[in-house]
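Peer 1: Questions regarding the structure given below will be posed in turn.
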Amino acid sequence: MKRTDALETSPARYAQVKDHVVRRIQSGDWPAGHRLPSENELVDQLGISRMTVNRALRELVAEKLIVRVQGVGSYVAENKPQSTLVHLGVISEEIRARGHEYRCQTLARQRLAAPPDVGFWLELPPSEPVFHAVCLHFENGIPVQLEDRYVNARMAPAFLDQDFSIEPPGEYLRRNVPFDQIEHVVDAVLPTPEQALQLAMQQAEPCLLLTRRTWMQEQVVTMVRCWHPASRYRLGSRFRPSGSLHAG
């Protein structure tokens, strides 16, 4: 049986697979977000070994042309969404503004006495009551952010009473607890095995870790750490030097 034209002539077999995928993307046949055929399907369609197909897909991931979601499949990459670092961006609003489907899954929620490190970040004495919530945020069914948040219980006493699947933590706090200071720190880190599993990514793939704190009248309202797979997200901003911070 005769196979796809470029597969007969390209000198490197894995390059043939890459060329096949790239041409389908560039032609518009496979738009951003399109699910690629599985490795087995590509093997059958192109008459090339699975090892060769796997190498081609890995290189396309490295080149940011496709995204592979562990246990789900490979997708044509979109331009990586960008979250602002100047204003208090809320991921649910950013995803919906792109016209994409958003979902929030609550992994943990509890009231506890502040451990020493959490007390330090929230500027609270040890054992002061705090709220803790862990949420996973999805864009078009793909996890894009793991949120680990601590909240000063005195500043947001009704925090744990909320249904975060309807109004995620960031939305609720921005709407109900005003702030007058904000701090952002971004680090490149490797996820733990558990975090990699939650974000459907390889543990060797780096994450962008955003650590954020907000204050109101010199009291810390919340401290949150947000892990983003670096292949699916970026962080940045554009602003005027004279601009002031606000909940935008």
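The values are calculated or read from the model by the stated rules, or taken from the named source; none is laboratory data. Note that this is a predicted model, so its numbers are computed, not measured. Note that each Cβ is placed from the backbone with ideal geometry, even for glycine, and that neighbours are counted across all protein chains shown. Side chains are part of the model used for accessible areas, which takes the heavy atoms of the whole protein and leaves out ligands, DNA and RNA. Shrake-Rupley method; radii C 1.70, N 1.55, O 1.52, S 1.80 Å.
Peer 1: So which residues in segment 90-112 are under 17 Å from Arg149 (Cβ atoms) and either open to solvent by 90 Å² or more (accessible area, probe 1.4 Å) or aliphatic (A, V, I, L, M) (or both), if there are any at all?
Peer 2: Passing the criteria: Val90, Ile91, Leu107, Ala108, Arg109, Arg111, Leu112.
Peer 1: If only one of Ala56, Ala32 is of a type in the set (A, V, I, L, M, F, W, C) and surrounded by fewer than 15 Cβ atoms within 10 Å (Cβ to Cβ), which one is it?
Peer 2: So the residue among Ala56, Ala32 that is of a type in the set (A, V, I, L, M, F, W, C) and surrounded by fewer than 15 Cβ atoms within 10 Å (Cβ to Cβ) is Ala32.
Peer 1: Further, regarding this structure: For the condition farther than 30 Å from His100 by Cα, among the aromatic types (Phe, Trp, Tyr) and at pLDDT 80 or above, what is the one hit in Tyr75, Tyr14?
Peer 2: Going through Tyr75, Tyr14 in turn, just one is farther than 30 Å from His100 by Cα, among the aromatic types (Phe, Trp, Tyr) and at pLDDT 80 or above: Tyr14.
Peer 1: Before we move on, is Gln181 out of contact with any helix residue (DSSP H, G or I) (no Cβ under 6 Å at 6 or more places or on another chain) and under 23 Å from Glu218 (Cα atoms)?
Peer 2: Yes: the conditions hold for Gln181.
Peer 1: Which residues, taken from segment 186-236, are farther than 20 Å from Cys104 by Cβ, assigned to a loop (DSSP other than H, G, I, E, B) and touching a helix residue (DSSP H, G or I) at 6+ places or on another chain (Cβ under 9 Å)?
Peer 2: Residues satisfying the conditions are Leu190, Gln202, Gln203, Ala204, Glu205, Ser231.
Peer 1: Only residues in segment 47-76 that are in a loop (DSSP other than H, G, I, E, B) count as the first member; pair them with residues that are of a type in the set (Lys, Arg), Cβ under 7 angstrom, at least 6 apart or cross-chain, and list the lot.
Peer 2: Within 7 Å, the pairs are Gly47/Arg3; Ile48/Arg13.
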